[in-house]
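The values are calculated or read from the model by the stated rules, or taken from the named source; none is laboratory data. In this text, all values refer to a predicted model and were calculated from it rather than measured experimentally. As a convention, Cβ positions derive from the backbone with ideal geometry for all residues, glycine included, and neighbour counts pool all protein chains shown. Just the protein is used for accessible areas: all its heavy atoms, side chains included, with ligands, DNA and RNA removed. Shrake-Rupley method; radii C 1.70, N 1.55, O 1.52, S 1.80 Å.
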Amino acid sequence: MRLFIIFILLLILASLFLKNIRHDQISLDLPPASLEQWYKPANKRQQWLHTMFKLRREMQAISEYVDAGDQPRQLEWAQKLRKNYYRAADMVPEWKADMRLHQVDELLDAIKNNRPDEIKEVQEKLAGVCQKCHRKYRAITAAIYRSPDFSDIRVDDTGANKKLAYKEAMEQLSLSMNRIVINIVDQNYTAARASADELEKRMTRLGDTCHECHKNDSAKERLLGEENRARFRNLSELIRSEKREKAGRTVGEIAVAACARCHSIHRSTSAIRRVFQKK
């Protein structure tokens, strides 16, 4: 599900890029700076995100209770909606004028006076305000504040008593991967085995950093767990047996199962984040 959400995010961003391209330039509006305080790491609870979830849930509850003819529940959820809608306006003052706070008051009044048709009409207007903001800012906001940031993560180096910046650690992985293939092609099997051992150690060290973001070992196990260790054992045996083609294919399996899968989840969104942070 996470991969699907990220894929949709990238499609949205791509559509924004294409829409705003002018003479090889891209024009995008960044969200207000005040929004940053409501996302991690500035805010541990990601309060803006949870406020948006509440508003969506409250709008749905009102709609369903209007259909059910349950006025007391409509009123209960509308009061929650008003509280959180006004709170959102205070959280990001730059958006306050565009949020049309009077409409949420009109919704509450329509519910108090039991006017179902008017309730639905005002809800549609409020939904339009939300959608307009989402079209302009949601994808960019997600790219900036909800994509991975590896800048502060350090990875233990395999051969020296030091820690590498994440980018440098990834470059070392790429070098080790290519070194295996080069040595297999050139039939330097002793060097190929040493390179494979080096790559496995580097991947293990990299996996030790997964806990920086993930609360359990499931992500690490999925990409760098027993299945991947089995591939390395198989690779070592194939190199020892000097089976070049099968060894080369196994290197490819490791590259797809570990590297490519992780990149598809993290790399693209992280790169987009860096682009917007530079603006």
Accessible area expressed per residue, the stretch 79-133, with surrounding protein chains retained (probe 1.4 Å, Å²)
57 Å²
Using a 1.4 Å probe on the protein heavy atoms, what percent of the accessible area of the chain belongs to carbon and sulfur?
51 percent
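Eigenvalues of the Cα gyration tensor times 5, then square-rooted: what semi-axes does that give for the stretch 44-111, in whole angstrom, largest first?
With the √(5λ) rule applied to the stretch 44-111, the semi-axes are 23, 14, 8 Å.
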Kirkwood estimate for the stretch 86-203, i.e. one over the average of 1/r between Cα atoms, Å:
19.7 Å
Going by alpha carbons, how many degrees (0 to 90, nearest 10) lie between the helix axis of 116-145 and the longest principal axis of the chain?
30 degrees
Cα-Cα pairs of the chain separated by more than 23 Å (percent)
66 percent
Positive end of the dipole of the chain, charges at C-beta (+1 Lys, Arg; -1 Asp, Glu), about the Cα centre: which of TYR65, MET52, ALA110 has its Cα farthest in that direction?
MET52
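Send over a whole-number figure in Å² for the accessible area per residue of the stretch 183-279, probe 1.4 Å.
Heavy-atom SASA per residue in the stretch 183-279 reads 60 Å².
In the stretch 169-272, which GluC sites (Glu not before Pro) are in a loop and have at most 16 other Cβ atoms within 10 Å, using DSSP for the loop call?
GLU242
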Point-charge dipole on Cβ atoms (K/R +1, D/E -1) for the stretch 205-279, about Cα centre, debye to 20
420 debye
